[in-house]
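In what follows, a structure is listed as structure tokens, so that the remarks can point back to it.
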Amino acid sequence: MPHADSALVPDDIKTKREFYEHVEMGIVALIEGQTYWVSNLANASALLYHSFLGCSLYGTTGDGEPVVNWSGFYIHPPENVTTDSEAPLLLGPFNGRPACQVINPRKGRGVCADAFVDAKTVVVPDVHEYPGHIACDGLTNSEIVVPLRNKKGTVVGVLDLDSTVKGTFDEDDRAGLERIAQLLAI
Ligand code: SME
């Protein structure tokens, strides 16, 4: 199967749970045999972005804007191995519009920073109500950020998804994306 086809979402997917099972299979296939983190996170961000776009549960808004408008990673790159959890998180592979490049991982410095520091997924139904939210794209209205752990369980970055629609992400997204973050760590 051509690599690009892994981002196709079958029409018979009707629930978020089915959607994430499908995406998970695509990610497993893409990362198989590849250990370079940039390649894997690049394909994962592309797969997520295009799968959300192609799934009727998310798709596009009335004016043609993707609902999920950004999918990507902020990380402590493994080649800069740091024991300093306060070292800046750097923009990693992503799909969507250009975004801020550095995140200061201190509590209160945005959604990514909070998810990283607390090692906990943060679901934000309305970014305009979130203290410290960093607005990379004025069209973003909701967001979910999931911590990424390495094999030792240390949080080394986050997976970030933004949406142009308020309240896009719920408990099913949290469960599905946490599972995907786990796959990527392995
Ligand atoms: N909104 C994030 C910053 C990253 S962008 O959404 C791509 C935050 O508050 O940390």
Checklist entry - Taking LYS16 as the anchor, which lysines have their alpha carbon closer than 19 Å to its alpha carbon, excluding any fewer than eight residues away along the same chain? => result LYS166
Checklist entry - How large is ³J(HN,Hα), in whole Hz, for each residue of the range 148-155 in order, when computed from phi with the Karplus curve 6.51 cos²θ - 1.76 cosθ + 1.60 and θ = phi - 60°, using x for Gly and Pro? => result 10, 10, 7, 4, 7, x, 6, 6
Checklist entry - Mean shadow of the range 1-108, computed from the convex hull of its alpha carbons, in nm²? => result 8.9
Checklist entry - If we count every other residue with Cβ under 9 angstrom of VAL123's Cβ, Lys/Arg +1 and Asp/Glu -1, where does the sum land? => result -3
Item to check | Equivalent ellipsoid dimensions for the range 23-84 as semi-axes, Å, which come from the Cα gyration tensor, largest first | outcome: 28, 16, 7
Item to check | log10 of Debye I(q)/I(0), alpha-carbon scatterers only, for the range 102-163 at 0.14, 0.28 Å⁻¹ | outcome: -0.35, -1.23
Checklist outcome for this item: Those helices of the chain passing the 15 Å axial Cα length cut-off and the mean Kyte-Doolittle cut-off of -0.5 (DSSP H runs only) are 16-31, 37-54, 171-185
Checklist entry - Which GluC sites (Glu not before Pro) from the range 1-64 combine a DSSP loop assignment with at most 15 other Cβ atoms within 10 Å? => result GLU32
Next on the checklist: Could you tell me how far the Cα centroid of the range 35-58 sits from the Cα centroid of the range 139-186, in Å?
Outcome noted: 12
Item to check | Excluding exposed DSSP-loop trypsin sites (Lys or Arg not before Pro) (at most 15 other C-beta within 10 Å), longest clean stretch of the chain | outcome: 15-105
Checklist entry - Any idea what log10 I(q)/I(0) is at q = 0.16 Å⁻¹ for the chain, Debye with uniform C-alpha scatterers and no solvent? => result -0.95
Checklist outcome for this item: When the charge dipole of the range 122-186 is computed with +1 on Lys and Arg Cβ and -1 on Asp and Glu Cβ about the Cα centre, the Cα farthest towards its positive end, among GLY176, SER142, GLY157, belongs to GLY157
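Quick check on the range 56-149: take the gyration tensor over C-alpha atoms, sort the square-rooted eigenvalues as a ≥ b ≥ c, and tell me if it's rounded (a/c under 1.5), prolate or oblate.
Judged from the Cα gyration tensor, the range 56-149 comes out prolate (a/c at least 1.5, a/b above b/c).
Every number here is computed from the coordinates shown, using simple stated rules; none is lab data. Remember, it's a predicted structure, so these values are computed and weren't measured experimentally. All Cβ positions, glycine included, derive from the backbone under ideal geometry; neighbour counts span all protein chains shown.
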